[in-house]
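Asker: My questions will all concern the structure given below.
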Ligand code: SF4
Ligand code: SF4
């Protein structure tokens, strides 16, 4: 975790920006019936300890922030961080079971965004958000790195599939192919394997220079502006290249 710098004013602004009508309604509406609890694997994995119940997790985080209008201590905020990052994956499974349609995961995501604003988020996630803005992908892979990796992987398949190339920035292809940035950074052989399948299938596809990372860790960080930026990059580049489809592997 990064060293927190608590700024109550920023927390208040973030709370106000959430336009909390929906959240406040949900918090008031929750009957604490526990109907959603069994759907949460944290609750199940901890012998049904009530502190892992979805509704309880929200009361201890966003609920508390609303109740105090953001006037919380650093220790309280750290406790919230432990819940929002450590006890919930924002998988939304519990939301499927609530008879009122209360979306716990959305509220946890909102809490995470507030925590991010105070530096209370896992470092790797904060780095990913920074990299999405700067490089368009979470692993800081440059355009040149990607293009060289594609060339390299095409060379690696030469013996098995002579003539195979991995299209990069090809306009008018049928599909724009997107991957997890990890493939470009650590597992390029995955790219080669997919390329071999595409080659055998006669797929008309291309990698774009930007918008090819289909992970969106910004969403997990609750940084919705950045999350939207990642999605927009993908669509903008698909439009620019004039493809018909976007292939998403994640
Ligand atoms: S969103 Fe969180 S609380 Fe709900 S089921 Fe998933 S992990 Fe559990
Ligand atoms: S979120 Fe819905 S299902 Fe879960 S305790 Fe509250 S009212 Fe019940």
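Asker: At R0 = 30 Å, how high is the FRET efficiency between residue 76 and residue 38 if r is their beta carbon distance? Nearest 0.05 is fine.
Answerer: Values: r = 29 Å, r/R0 = 0.95.
Computed FRET efficiency for residue 76 and residue 38 comes out at 0.55.
Asker: Ok, one more. If one takes the longest principal axis of the Cα atoms in the chain, at what angle in degrees, from 0 to 90 and to the nearest 10, does the Cα axis of helix 8-17 lie?
Answerer: 70
Asker: Next question. Just grab the label-to-label distance for residue 140 and residue 232, each label 7 Å out from Cα along the Cβ direction, in nm (one decimal).
Answerer: In this crude label model, residue 140 to residue 232 measures out at 2.4 nm.
Asker: Can you give the angle from 0 to 90° between the axis of helix 143-156 and the longest principal axis of the chain, with both taken from C-alpha atoms, to the nearest 10?
Answerer: Result, in degrees: 50.
Asker: Now a separate question. Separation between the residue 250 and residue 156 pseudo-spin-labels, each 7 Å from Cα along Cα→Cβ, expressed in nm?
Answerer: A separation of 2.0 nm, rounded to one decimal place.
Asker: I need the calculated FRET efficiency for the pair residue 100 and residue 133, taking r as the beta carbon distance and R₀ as 30 Å, to the nearest 0.05. Present the calculation step by step, with values, prior to reporting the outcome.
Answerer: Values: r = 36 Å, r/R0 = 1.22.
After rounding, the FRET efficiency stands at 0.25.
Asker: Whole Å is fine, so just give me how far the alpha carbon centre of the range 29-71 lies from that of the range 151-185.
Answerer: Between the Cα centres of the range 29-71 and the range 151-185 lies a distance of 45 Å.
Asker: Using the alpha-carbon atoms, what tilt in degrees (0 to 90, nearest 10) does helix 224-241 show relative to the longest principal axis of the chain?
Answerer: The helix 224-241 is inclined about 20 degrees to the chain.
Asker: Now for a separate question. Ranked highest first by the average count of other Cβ atoms within 10 Å around their residues, in what order do 220-232, 89-101 fall?
Answerer: Values: 220-232: 18.2, 89-101: 15.5.
Highest to lowest by the protection proxy: 220-232, 89-101.
Asker: How would you rank 49-58, 68-77, highest first, on the average number of other Cβ atoms within 10 Å across their residues?
Answerer: Numbers: 49-58: 20.2, 68-77: 15.0.
Packing proxy ranking, top to bottom: 49-58, 68-77.
Asker: Determine the shape class of the range 1-75: with a ≥ b ≥ c the square roots of the Cα gyration tensor eigenvalues, call it rounded for a/c under 1.5, and otherwise prolate if a/b is greater than b/c, oblate otherwise.
Answerer: Numbers: a/c = 2.91, a/b = 1.50, b/c = 1.93.
Oblate shape, in that a/c is at least 1.5 and b/c is the bigger or equal ratio.
Asker: Hey, another quick one. Let's test this: bin the Cα-Cα distances of the chain at 10 Å from zero up to the farthest pair and state each bin's percent.
Answerer: 7, 26, 26, 20, 15, 5, 0
Asker: Length gain on complete extension for the stretch residue 147 to residue 197, per 0.36 nm per residue less the alpha carbon to alpha carbon distance? Show your work: numbers first, answer last.
Answerer: Working: separation 50, 0.36 × 50 = 18.00 nm, distance 1.94 nm.
Net length gain for the segment: 16.1 nm.
Asker: Something else about it: Which order do peptides 204-213, 38-47 fall in by mean Cβ count within 10 Å, highest first?
Answerer: Working: 204-213: 21.8, 38-47: 15.5.
So the peptides 204-213, 38-47, ranked by packing, come out 204-213, 38-47.
Asker: Computed FRET efficiency, Cβ-Cβ of residue 174 and residue 92, R0 41 Å: what is it to the nearest 0.05?
Answerer: On the way: r = 32 Å, r/R0 = 0.79.
Rounded to the nearest 0.05, the efficiency is 0.80.
Asker: Shifting gears a bit: Give me the mean projected area, in nm² to one decimal, of the convex hull enclosing the Cα positions of the range 126-248.
Answerer: Numbers: hull surface 27.7 nm².
Orientation-averaged projected area of the Cα hull: 6.9 nm².
Every read-out reported here was derived from the displayed coordinates using simple, explicitly stated rules and does not represent laboratory data. Model, not experiment: these values are computed from the prediction. Neighbour counts run over all protein chains shown; Cβ positions are idealised from the backbone, glycine included.
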